[in-house]
Amino acid sequence: MKKTSHIPELHDWIVAEKKLGRRIGLVPTMGYLHRGHLTLIEHAKQTGAFVVVSIFVNPLQFGPTEDLSRYPRDLERDARLLEDAGVDILFHPTVEEMYPRPTVTFVEVGELDQVLCGAARPGHFRGVATVVSKLFHIVEPDMAFFGQKDYQQYLIIKRMVSDLNLRIKICAVPIVREEDGLAMSSRNVFLKAEERQEALVLSRSLQEAGENLRSGQRSAREIEAQIRARIHRESHGVIDYVEVRDAEDLSEVTDIKRPVLLALAVRFGTTRLIDNKVVEVDTIV
Ligand code: PAF
């Protein structure tokens, strides 16, 4: 595996691969890799692409009250995992390499930014869309891989690619869970043992809501109320949001007739966890 933190070096390597007719697959990450990331990489490798993984903790997507310096990092361990996973290039730029001067150009993502995680984290998705757009220009991938755990992020990137006519295929990879159901996240390391145990209520309540939908429940507000009640009953988690939204455009839903996203964000101690479930219309009887 080649490694670089320099854009021109990366560019030379990619141009050489493109000349050989290779297709380029990009897996953008912020590092501190877990099995969820490795699954993204497996999907990328399965396409036969030349796989580039970026590790960059992007300051632009952290709010003033969010602790950027607290974000977990371990580049050496990440590099070993990527090498074992058969990744071709690790691109790990510094902040100076990505933002040699304060950026005045941003990618705005309109209303998709105003709901769910965007409502609680103003500017977050603008930061994500801006850095992903920069990474797309730097790497020039044919396809890029995003986890469905960050469903809103995935939709925003898909929409950005469509709105800006970028020739990049956005591939969604299903959520990877621990055996007990907890969605994999770099933030899970911050959970105390009892918080981690209580956090299992998230996947369980989503599962239950999915079953209720399948057995005919159609009221979005009722589904939300049931999820909230279960979280309150079984944990000390502080709910940020629990929402049922249209799975295509995140618009509000009252009576469920189309595929929906069941999405939630809950704080356990100082750690904010998100999880979601997409319920497809054809599984609704
Ligand atoms: O999902 C993430 O890890 C980040 O938001 C991303 C896509 C790498 C952009 O910084």
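The values are calculated or read from the model by the stated rules, or taken from the named source; none is laboratory data. Everything numeric in this text was worked out from a predicted model, so none of it was measured. Backbone-built Cβ (ideal geometry, glycine too); neighbour counts: all protein chains shown. For accessibility, only protein heavy atoms count, side chains too; no ligands or nucleic acids. Shrake-Rupley method; radii C 1.70, N 1.55, O 1.52, S 1.80 Å.
Annotations for the structure displayed:
- For segment 123-227, a crude dipole built from +1 on the beta carbon of Lys and Arg and -1 on the beta carbon of Asp and Glu, taken about the Cα centre, is about 440 debye to the nearest 20.
- Relative counts (whole %) of C-alpha pair distances in the chain, using bins that are 10 Å wide: 6, 27, 35, 23, 8, 1
- Probe 1.4 Å, accessible area per residue of the chain, Å²: 49 Å²
- Expressed as a whole percent, the proportion of Cα-Cα pairs in segment 109-233 lying more than 17 Å apart is 68%.
- With q set to 0.10, 0.13, 0.24 Å⁻¹, the log10 of I(q)/I(0) for segment 177-270, from the Debye formula over equal scatterers at the Cα positions, is -0.27, -0.45, -1.24.
- Each part reduced to its alpha carbon centroid, segment 153-199 and segment 27-94 end up 13 Å apart.
- The chain, accessible surface, carbon-and-sulfur percent (1.4 angstrom probe): 49 percent
- Phi-based couplings in Hz for segment 13-30 (Karplus 6.51, -1.76, 1.60; Gly and Pro marked x): 4, 5, 4, 4, 5, 4, 4, 7, x, 6, 8, 9, x, 10, 10, x, 9, 10
- Across segment 1-52 the C-alpha pair distances fall into 5 Å bins from zero in the proportions 5, 18, 25, 26, 18, 8, 1 percent.
- Exposure rank, largest accessible area first [V161, V95; 1.4 Å]: V95, V161
- 5 Å-binned pair-distance histogram of segment 123-165 (Cα, whole percent): 5, 21, 34, 30, 9, 1
- Residues L38, L191 ordered from highest to lowest accessible area at a 1.4 Å probe: L38, L191.
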